[in-house]
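For reference, the structure is listed below as structure tokens.
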Amino acid sequence: MESIVKSKASCGGTPGGAGNLVLILDYGSQYTHLITRRIRLHRQADASRRRPLRRPPLRPRRRSTLRQEYGKMEIAVAEGERGLYGSEAIGGHQTVWMSHGDEAVKLPKGFSVVARSLQGSVAAIENHSRRIYGLQYHPEVTHSTQGMETLWHFLLDVCGITADWKMQGVLEEEIKVIKGVVGPDEHVICALSGGVDSTDVATLVHKVIGNRLHCVFVDNGPIKATCFLKRIMSTFQSNLHLPVTYIDASEQFLGKLKGIKDPEMKKKIIG
């Protein structure tokens, strides 16, 4: 299935307590970080719950041949659905975003189909007794008009999660982790690429250990514009106040690319 969101609370954890945690397994999906962001935004304490509009039921037709489905699709939610969708959505239809080239034609024991596309393919399944649910579409994207209501119902009503997540809590937790890993007299070397990930890490670590952090930015050649390099270094030093050492290794890296045309081979050579 496309999206699987599992909570410790749904496995016996205490809602609002130590089990108030949502786990997202990353199998390389392009939407993984979007799912994380959507859930975080909807778990803030001041988040409001929106209810989907009830619409006339649609009757999907069954078929025997497989068909790929991409883009906006209409799905019908089964009348007997008991867990994945809220009561307002049962028996109605929704517009969702699908992107798959396969489908479930035979379900595991104990599972039932709770939503189908108008083409007849499985859109959602559930095992109510085991509290396991699966979707064949992307509820986290805006094209799925009631997708967040589905995730929201799953998190709050099925899993018992409380909407108390705040970004400040994440920062405080990460600061504790850094203090626990880096001793009071230890130093840290951080390689900066100019991207978001390494810059965020460097900024957070610098906040905790100050000048015991030593950042290194290596110019490997592809960044040819001098003005762009100056802007990067200015951001590091003047805006973020990071201690950065600049190393010009462009000749060393570019020299190894001479005569190489394949982009993938270039990546392997210079990393």
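Structural remarks
- Likely footprinting exposure, Ile161, Ile232, Ile189, Ile270, fewest C-beta neighbours within 10 Å first: Ile189, Ile270, Ile232, Ile161
- Using the Cβ-Cβ distance between Ser238 and Ala191 with R0 set to 25 Å, the FRET efficiency from 1/(1 + (r/R0)^6) comes to roughly 0.80.
- Between Ile175 and Arg37, the FRET efficiency from the beta-carbon distance, with R0 = 30 Å, is close to 0.90.
- Highest mean packing first, where packing is the average number of other Cβ atoms within 10 Å per residue, the peptides 238-249, 134-145 line up as 134-145, 238-249.
- The trypsin sites (Lys or Arg not before Pro) of the range 139-218 meeting both criteria, a DSSP state outside H, G, I, E and B (loop) and at most 14 other C-beta atoms within 10 angstrom of the site's C-beta, are Lys166.
- Our summary gives the range 85-201 a relative contact order of 20 percent, counting only alpha carbon pairs under 8 angstrom and 6 or more residues apart.
- Lys-Lys pairs in the range 167-270 that are eight or more residues apart or on separate chains and whose Cα atoms lie under 30 Å of each other come to 21.
- If the chain linking Leu254 and Tyr27 were pulled fully straight, counting 0.36 nm for each residue of separation and taking away their Cα-Cα distance, it would gain 78.3 nm.
- Theoretical gain in end-to-end length, Val113 to Thr203 [0.36 nm per residue, Cα-Cα removed]: 27.6 nm
The numbers here are math on the coordinates, done by the rules we state, and not lab data. Keep in mind that this is a model prediction, so the values were computed, not measured. A quick note on method: Cβ atoms are made from the backbone with ideal geometry, for glycine too, and the neighbour counts reach across all protein chains shown.
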